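See below for the structure under consideration.
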Amino acid sequence: MVQIMDEVSEELVRQTKRGVLLVLSGPSGVGKDTVMLQLMDKYPNMQKLVTTNSRPKRKEEKDGYDYYFVDRDEFEKLIAEEAFFEWVEYRGHYRGGQKKHVAEALESGKDVIWRIDVRGVKNIREKVKEMFPHSVFVLLAVGDLETLRQRMLDRESESTQDLEWSVDMAAWEQRQWHDFDYVVANEDGDIEKTVDNLAKIVEVTRMKVG
């Protein structure tokens, strides 16, 4: 009995030092950035995963905060070394999330938020789960796609043709909900509830045995 209690006590101590990786995804317009920023503001132990980018750093950007900036040759060297969970090439530049950056943050006891698109989730889920058992994949969603359409309209950043494509893509992305551990609603006016629900999911994941 004493030995069992000692083991439980040791696990409870590990929980206090254990970081959780929250992989946060969802369609365009669902509010991923806003939710992530509010999570970090409300829970200082949470930090975003800083990904790596091969494009030149802009004047207002900070290396190590906005991205880790490397040149194209260095990025391709990291690809060859299998340093990334996943990477993509976008408009002639690479970007991706390095395994070591996730590990370093989690080992420090921080909770890490990795904001990634739905297609990326399909590429990384098995690898992330294998390396970090205390990780959780959450899809932010809305109950009515018209909500997303209106949010996109409010941004005034797309033509009518692009808007329809974005709405169709959003519908496809929400249909991929089975690739996630949880689906969390982010309806208009309920962002505080969304943030609280995500925080609860992180805490439950922290207590997971394994």
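For the residues 58, 18, the requirement of being charged (D, E, K, R) and in contact (Cβ under 8 Å) with a residue 24 or more places away in the chain singles out 18.
The residue that is surrounded by the most Cβ atoms within 10 Å (Cβ to Cβ), counting only those in the range 103-127 that are among the β-branched types (Val, Ile, Thr) and modelled with pLDDT of 95 or more, is 113. The residue that is surrounded by the most Cβ atoms within 10 Å (Cβ to Cβ), counting only those in the range 174-201 that are under 14 Å from the mean Cα position of the chain (by Cα) and of a type in the set (Phe, Trp, Tyr), is 180. Against the conditions (1) exposed (fewer than 15 other Cβ atoms within 10 Å of the Cβ); (2) at pLDDT below 90, residue 74 satisfies every one except (2). The residue pairs whose first member lies in the range 108-133 and is in the same structural domain as residue 201 (by TED's automatic domain parsing), whose second member is in a strand (DSSP E or B) and of a type in the set (Asp, Glu), and whose beta carbons are closer than 9 Å, counting only pairs six or more residues apart or on different chains, are 116/86; 120/86; 123/86; 124/86; 127/86.
The values are calculated or read from the model by the stated rules, or taken from the named source; none is laboratory data. Predicted, not measured: the structure shown is a model, and the values here were computed from it. Counting neighbours? That spans all protein chains shown, and the Cβs are built from the backbone with ideal geometry, glycine included.
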